[in-house]
Amino acid sequence: MELPFAESYKIKMVEPIYRSTREQREEWIKEANYNLFNLKSEQVYIDLLTDSGTGAMSDKQWAALMTGDESYAGSSSYYNLKNAIRNIFGFEYFLPTHQGRAAENVLFSVLVKEGNVVPGNSHFDTTKGHIEFRKAKAIDCTVDEAFDTESLHPFKGNIDLVKLESVYSSYNREQIPMVIVTLTCNTSGGQPVSMQNLRDVTALSQKYGVKVVFDSARFAENAWFIKEREDDYRNSSIKDIVAEMFSFADAMTMSSKKDGIVNIGGFMAMKTEELYKQASVFNIMYEGFNTYGGMAGRDMNALSVGLDEVTNEHYLKNRIQQVAYLGNRLIEWGIPVQKPIGGHAVFIDAKHFLSHVPKEEYIAQTLAIELYLEAGVRGVEVGTLLADRDPETKENRYPKLEMLRLAIPRRTYTNNHMDVVAVALKNIFDRREKIVRGYKIKSEAPIMRHFSVELEHV
Ligand SMILES: *Cc1c(COP(=O)(O)O)cnc(C)c1O
């Protein structure tokens, strides 16, 4: 018999969590104006709001914190991180920042100018924000399969080379500062990009003289999928795959809160001294001096250990298996999810789940609230609330997909927790025909409304 799945860690320290009653949750979610961001974390039993900064550090990371060097300039923690980045990604130069979007802010201050276009695979929202803030345009060149939840394409994060070349040939070279490849592609459901696609994107970009930048938050999960799904890499180590992936990039930005397995932090790294020097100017202004830039020495130490652990095969196998475990339980019951299951989250197709709720009543948010009421599980809406209103017409924008995202924090929950989530969704699925009404907006902010919107039941 094949041995079953088990977590690749044992537990040395615990944080108690409590299961509330349905009556308590009904009161709390009403007080929160049916916005899950307004809940206190203690009102949540299993928190799948995000996998960002919510992972559990290892004993070795906690030990590294204690030996952090808090010198303003030239700390040993800086050099530890510099060595880790050189060993894992092959970049000679790097700058620490307080999180991923700060790295975007610094790097784009150098690269992005008004009127520019930046192609990529479904840019992450802060990435797009930092591009649009500079009056430039992000152009989505993701393969079409990414938008079909039933397509089993193994690399739904890939860039469509025809779309990319059409951007390259329709604008002047000076207007295209870079292409951004997001690993894995968060927006399309944690879907990976293949090594072949990275190779092809780089070859095409070099032909047109365009820089290649990787938005690398989940680079290790991406490497795992390359090993699993791309024939040439079955016998390669994760560290070798990562090294090859990043050999195709001129620079990277990183949110260390994901595959750095730390609670806060980020960085950018690059091949050339020239780009490093240009970025340093902005890093000193926005983040801090080059050898700490927004991070404590102890956090740089923990990150250098985290980068090594996240590229460990035992860790990654369990990580990906846990996410797949939840996804597969749902698939067995016929619950509609984005397939194949991504690296960090299970995305539930809310339009197919709650087919009676009208789109004007926020289908994915309705499902998110139902899940909270059922079991105290917090997910996040990736649908009409997140898509905001059209800036000109002020009408709601209805995206192609209405998703409930369940993001799994790293090394934090066991599969027993995944079972609770799965059964809660099954219970809702069994009574889905009775859920016919959703929510309407009481008040909302002019942009990024999903964080603060207030709702009431229709
Ligand atoms: C989280 C994330 C970012 C932004 O990083 P923060 O650390 O949240 O600032 C950028 N890109 C991707 C793909 C991300 O997942």
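The values are calculated or read from the model by the stated rules, or taken from the named source; none is laboratory data. Worth saying up front: this structure is predicted, and the values here are computed from it rather than measured. Backbone-built Cβ (ideal geometry, glycine too); neighbour counts: all protein chains shown. Accessible surface areas use protein heavy atoms only, side chains included; no ligands, DNA or RNA. Shrake-Rupley method; radii C 1.70, N 1.55, O 1.52, S 1.80 Å.
The figures follow:
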quantity: Residues of the chain: accessible area per residue with a 1.4 Å probe, Å²; calculated: 43 Å²
quantity: Highest-first arrangement of 424-437, 355-368, 175-188, where packing means the average Cβ count within 10 Å; calculated: 175-188, 355-368, 424-437
quantity: Given charges at beta-carbon only (K, R positive; D, E negative), |dipole| of the chain in Debye; calculated: 220 debye
quantity: In degrees, nearest ten, helix 219-229 long axis to first principal axis of the chain (Cα); calculated: 80 degrees
quantity: Karplus 3J(HN,Hα) series, Hz, for the stretch 50-65 with 6.51 cos²θ - 1.76 cosθ + 1.60 (x for Gly, Pro); calculated: 7, 9, 9, x, 10, x, 9, 6, 7, 4, 5, 5, 5, 5, 5, 4
quantity: Mean ellipticity per residue at 222 nm, deg cm²/dmol - from DSSP H runs of n ≥ 4 across the chain, formula -39500 (n - 2.57); calculated: -12000 deg cm²/dmol
quantity: Listed residues Asn197, Asn116, Tyr286: farthest to the positive end of the dipole of the chain (Cβ charges); calculated: Tyr286
quantity: Nonlocal amide H pairs with Thr142, under 5 Å, H built at 1.01 Å; calculated: Ser122, Asp160
quantity: Whole-percent carbon and sulfur share, accessible surface of the chain, 1.4 Å; calculated: 51 percent
quantity: Between helix 100-111 and the chain: long-axis angle, C-alpha atoms, 0 to 90°, nearest 10; calculated: 40 degrees
quantity: Cβ-placed point charges (K, R +1; D, E -1), dipole of the stretch 59-310 about Cα centre in debye, nearest 20; calculated: 520 debye
